[in-house]
Amino acid sequence: MTPAASRHLRTRCRAAVRAATLGLLLAAAGAARADCSRDIAVPVSASGASVVINGASVNGIYPDLLRNLGSRSGCNFLFSVVPRARQMVLYEAGKADLLIPAMRTPGRDKIGQFVPMIGHRAVLISLAGTQAPITSGRDLLERHDLRVAVVRGFDYGEQYAALVKELGRQGRLFTEVDANAVARLMHAGAVNVTIMGPTILSGAIRREPRVQGLLERLRLEPIAELPWGQSGAYISRLSLSVEDQQLLREQLEKVAKSGAVMDGFQRYHRADILAESVRPR
């Protein structure tokens, strides 16, 4: 057996052990607590391998984990497919019981309980060899020849928001409905840079036939203005009873501690993509 094959086998074994451990934990918790009092509304939008949308079908790392959790805890999760911006509106209006996946932000903390699942950050993503490296947010703002695309509804904190606002003021910003649209713009040469988690763009490229080959050309550039943060699930305080909030928090914490989320990312993504954007919580 080659060293690479041996490492892959060890990774799969660890993932299997963690999955079995998670199942035992959830089974024990489900036996000890009451079911959710009602169906749990979870609007979702495409987000790399985290949430995969095929027509009305919803799959991916987080939906699969929620279904597994639901079957053991007595909670039924109802997924509805919406654009990312609409997902945020529903959460803020108290019409979404869970917001997942989501970066932790002060605004979202005001109306929901956050359960961190992974460490995550956005980076600058461009095509290798097409331009000089970008060293900072200031550098990006001063490079007036570069056109930048973002996804409406993504939020990576105050410095990200300030960058996006200034890029818009300069007339260099393309705001798109999802990462698939951004990938198409990059492939066509209509934009030079995007700002998001590399796993999101990687997942979009894999599902978009018109941009095949783009993944191998990507250059990832971390900058200080986009630091590491936490990504996970928000449990709404506006729509859910206190009892349901507590039950969901306990169950999601067990999922997070099991390592199942990180295992999911490792199954879907190359190591170099993960190294710049995802790490255990």
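The values are calculated or read from the model by the stated rules, or taken from the named source; none is laboratory data. These figures come from a predicted structure and were not determined experimentally. Don't worry about glycine lacking a Cβ; one is built from the backbone with ideal geometry, like all the others, and counts go over all protein chains shown.
Which residue out of Leu173, Leu141, Leu146 is under 24 Å from the mean Cα position of the chain (by Cα) and surrounded by 15 or more Cβ atoms within 10 Å (Cβ to Cβ)? Working first, answer last.
Values: Leu141 fails: under 24 Å from the mean Cα position of the chain (by Cα); Leu146 fails: under 24 Å from the mean Cα position of the chain (by Cα).
On inspection, the qualifying residue turns out to be Leu173.
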Please go through the stretch 111-133 and pick out each residue that is over 17 Å from Gly157 (Cβ atoms), hydrophobic (A, V, I, L, M, F, W, C) and part of a loop (DSSP other than H, G, I, E, B).
Ile111, Ala128, Ala132
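Looking at the structure I just gave you, is Ser239 buried (at least 20 other Cβ atoms within 10 Å of the Cβ), of a type in the set (Ser, Thr, Tyr) and in the same structural domain as Ile61 (by TED's automatic domain parsing)?
yes
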Mind checking whether some residue in the stretch 177-186 is part of a helix (DSSP H, G or I) and in contact with a Gly (Cβ under 8 Å, 6 or more places away or on another chain)?
yes
When you go through (1) closer than 24 Å to Pro63 by Cα; (2) within 19 Å of the chain's Cα centre (by Cα); (3) surrounded by fewer than 21 Cβ atoms within 10 Å (Cβ to Cβ) one by one for Leu215, which number turns out not to apply?
(1)
Can Leu141 be described as aliphatic (A, V, I, L, M) and touching a residue at least 60 places away in the same chain (Cβ under 8 Å)?
no
Among the residues of the stretch 84-141, how many are under 18 Å from Val42 (Cα atoms) and among the basic types (Lys, Arg)?
5
Give just the number: which of (1) within 30 Å of Ala96 (Cα to Cα); (2) small (Gly, Ala, Ser); (3) surrounded by fewer than 17 Cβ atoms within 10 Å (Cβ to Cβ); (4) over 16 Å from the mean Cα position of the chain (by Cα) does Gly112 not satisfy?
(3)
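Please list, ordered by residue number, the helices (runs of 4 or more DSSP H) wholly in the stretch 193-281 having 3 or more residues that are over 14 Å from Ile125 (Cα atoms), out of contact with any strand residue (DSSP E or B) (no Cβ under 8 Å at 6 or more places or on another chain) and touching a residue at least 40 places away in the same chain (Cβ under 8 Å). Before you say what the answer is, go through the steps one by one.
Details: elements: 198-206, 242-258, 260-268, 271-275.
So the answer is 242-258, 260-268.
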Consider only pairs whose beta carbons are under 6 Å apart and that are at least six residues apart or on different chains; among these, list those whose first residue lies in the stretch 45-68 and is on the phi < 0 side of the Ramachandran plot and whose second residue is of a type in the set (S, T, N, Q) and surrounded by 24 or more Cβ atoms within 10 Å (Cβ to Cβ).
Ile61/Ser50; Tyr62/Ser50
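Consider Met186 carefully, then state whether it is among the hydrophobic types (A, V, I, L, M, F, W, C) and within 27 Å of Ala93 (Cα to Cα).
Details: among the hydrophobic types (A, V, I, L, M, F, W, C): yes; within 27 Å of Ala93 (Cα to Cα): no.
So Met186 does not fit the description; no.
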